[in-house]
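Encoded as structure tokens, the structure appears first; notes follow it.
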Amino acid sequence: MVSDTPDQPDETEADITGTTPRRYPKPEIEKIGDRKLKPATLMMGHGYDPKLSEGSLKPPIFLTSTFAFESAAAGKRHFEGVTGKRPGGSEGLVYSRFNGPNQEILEDRLSVWEDAEEGLVFSSGMSAIATVLLANVHQGDVVVHSGPLYAATETLINRVLGRFGVTFLDFPAGAGREEVDAILELAKTRAMGNGRVAIIYLESPANPTNALVDIEMVRDARDAAFPDDPPPIAMDNTFLGPLWQQPLQHGADISLYSLTKYAGGHSDLVAGGVLGSKTCLDPIRAMRNTIGTISDPNTAWMVCRSLETVELRMTRAGENAEKVCTFLRDHPKVDNVGYLGFLEEGSSQRDIYDRHCAGAGSTFSVFIKGGEAESFRFLDALKVAKLAVSLGGTETLASHPAAMTHLSVPDARKKALGITDNLVRISIGVEDADDLIADFEQALAAV
Ligand SMILES: *Cc1c(COP(=O)(O)O)cnc(C)c1O
């Protein structure tokens, strides 16, 4: 929320009912009677009071690098909070590397989607991930992660943190309890005497395999392996969040986002987000304050605007994807479609899906009959779908992982991950579903 000045008296019940005149009226309407308002409703006003900004219905973009203190004492109180000399942390805004009104509104609104205690926004998905890791990892520590991960995340963990004496152990995204138990035991043994098992980092569904991680199972395994001092479980929720999966509700401590994708949703910005408890987020906020990985006010404003339509957009994209995948599955020039909506009844992946996911998303893999040549002919013939990496935008995108995003992955690893030459990656947008089917039909005819 837009912060009050540090010396504002505590809100009281009387303030909220309006019986006492308040210096800074701030309507936080989250309920009507017993009815808790839904995220889609809260996206239009939550965390922002027009009265604080000349009645402007929409939040202005606050372009400032610093904020005026009401008094010297208020300034002192702020820094006592920042430095820990006074419990409760800092109040109010002081400098834009730490936070600003637009970013705070966005943090409040993003938190609503996962019922998170707090949220933090970042200049990109990767700067969010880097800040989470830097806040949690020390020299000699071991990072346990699911695999595969977003390529830059793998580079960060394996190569960059590796330069500082951090090592990692991974398990495949679809792994069962025994495999995860074994990796955690191995990690504990390796860390002993050097450091700790610092964090368990998950990504689900994995890209481009769409393999799902069982967060509840990982949480149970973590609790059994570390009864005293459990490392936090962080999960990259970019592919299904915030609408179709809420990791915090299934045992993750930290939910991470590239807001560049579905949350931003228009392929016109780069941003990141982190959700979780205050306890988990405090060290991450402190690291963000130190290194300045917060998003800028303009981008935060754009993401706020995007969140007003995120449910509409994701719902439509999800419906479109189901129609397109149903068409593609039966096409004679298609081998297979890797779509979460088609998981086999009774399989362990289907079981995870039923427990964790509210929808199958709109990003999937199509295996064209043939190899690179056939896939390229298909891609080059598309008229509506655009040829580009990324996902979650209003427009439909198609790409070829083996020749593009995963070109530098060694052949053996590509094979292990199922990244074949006939794999085309598609992110469905909010266009007319039948137009998209017509486009895919004519492109397949050209193969
Ligand atoms: C795009 C993406 C990222 C990185 O996000 P940026 O906003 O590009 O920094 C991280 N994880 C996943 C799963 C992604 O798709």
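The values are calculated or read from the model by the stated rules, or taken from the named source; none is laboratory data. Computed from a prediction, not measured in an experiment: that's the story for all the values here. Positions of Cβ are backbone-derived with ideal geometry, glycine not excepted, and every protein chain shown enters the neighbour counts.
Of all the residues that make up segment 45-57, how many are of a type outside the set (D, E, K, R), part of a loop (DSSP other than H, G, I, E, B) and surrounded by 13 or more Cβ atoms within 10 Å (Cβ to Cβ)? Qualifying residue count, segment 45-57: 4.
Give me the residue from segment 255-273 that is in a strand (DSSP E or B) and touching a Leu at 6+ places or on another chain (Cβ under 9 Å) and, out of that set, nearest to the ligand (Cβ to nearest atom). In this case the residue turns out to be 272. On the basis of being assigned by the TED database to the domain that holds residue 108, farther than 13 Å from residue 110 by Cβ and in a helix (DSSP H, G or I), does residue 283 make the cut? Answer is yes for this residue. The listed residues are 75, 84, 45, 100, and the only one of them that is more than 16 Å from the ligand (Cβ to nearest atom) and on the phi > 0 side of the Ramachandran plot turns out to be 84. A Cβ distance below 6 Å, combined with a sequence gap of six or more or placement on separate chains, defines the contacts here; from segment 140-165, residues that are more than 21 Å from residue 185 (Cα to Cα) reach residues that are surrounded by fewer than 17 Cβ atoms within 10 Å (Cβ to Cβ) in the pairs 164/139.
Please verify whether residue 137 is of a type in the set (A, V, I, L, M, F, W, C) and more than 30 Å from residue 304 (Cα to Cα), treating the condition exactly as stated. Criteria met by residue 137. The residues listed here are 118, 91; of these, the one that is over 26 Å from residue 250 (Cα atoms), in contact (Cβ under 8 Å) with a residue 60 or more places away in the chain and either in contact with a helix residue (DSSP H, G or I) (Cβ under 7 Å, 6 or more places away or on another chain) or aromatic (Phe, Trp, Tyr) (or both) is 91. Whenever a residue of segment 202-215 is closer than 14 Å to residue 356 by Cα, its partners that are at pLDDT below 95 and within 11 Å of the ligand (Cβ to nearest atom), lying with C-beta atoms within less than 7 angstrom and at least six residues away or across chains, give the pairs 203/149; 203/150.
You will find that of 111, 127, 53, the residue that is more than 16 Å from the ligand (Cβ to nearest atom) and within 26 Å of the chain's Cα centre (by Cα) is 111 and no other. Scanning segment 196-225 for residues that are of a type in the set (Val, Ile, Thr), closer than 11 Å to residue 145 by Cα and within 13 Å of the ligand (Cβ to nearest atom) returns a single hit, 213. Please work out if residue 276 is more than 16 Å from the ligand (Cβ to nearest atom), under 20 Å from the mean Cα position of the chain (by Cα) and small (Gly, Ala, Ser). Considered against the rule, which asks whether it is more than 16 Å from the ligand (Cβ to nearest atom), under 20 Å from the mean Cα position of the chain (by Cα) and small (Gly, Ala, Ser), residue 276 comes out as yes. Evaluate the following for residue 156: is it within 16 Å of the ligand (Cβ to nearest atom), modelled with pLDDT of 95 or more and in a helix (DSSP H, G or I)? Here the answer is yes, as residue 156 does meet what is asked. Pairs linking a residue in segment 390-416 that is within 18 Å of residue 172 (Cα to Cα) and modelled with pLDDT under 90 to a residue that is buried (at least 16 other Cβ atoms within 10 Å of the Cβ) and of a type in the set (Gly, Ala, Ser), with Cβ atoms under 8 Å and 6 or more positions apart or on different chains, are 414/402. The set of residues from segment 185-209 being crowded, with 22+ Cβ neighbours inside 10 Å and under 26 Å from residue 409 (Cα atoms) comprises 187, 199, 200, 201, 202, 203, 204, 205, 206, 207, 208. Pick from segment 226-243 the residues that are more than 12 Å from the ligand (Cβ to nearest atom), closer than 30 Å to residue 427 by Cα and in a loop (DSSP other than H, G, I, E, B): which of them is nearest to the chain's Cα centre (by Cα)? Looking at the filtered set, the residue picked out is 242.
For segment 283-296, state whether one or more residues are small (Gly, Ala, Ser) and surrounded by 24 or more Cβ atoms within 10 Å (Cβ to Cβ). Yes - at least one qualifying residue is present in segment 283-296. Scanning segment 329-350 for residues that are in contact (Cβ under 8 Å) with a residue 40 or more places away in the chain and charged (D, E, K, R) yields 333, 335.
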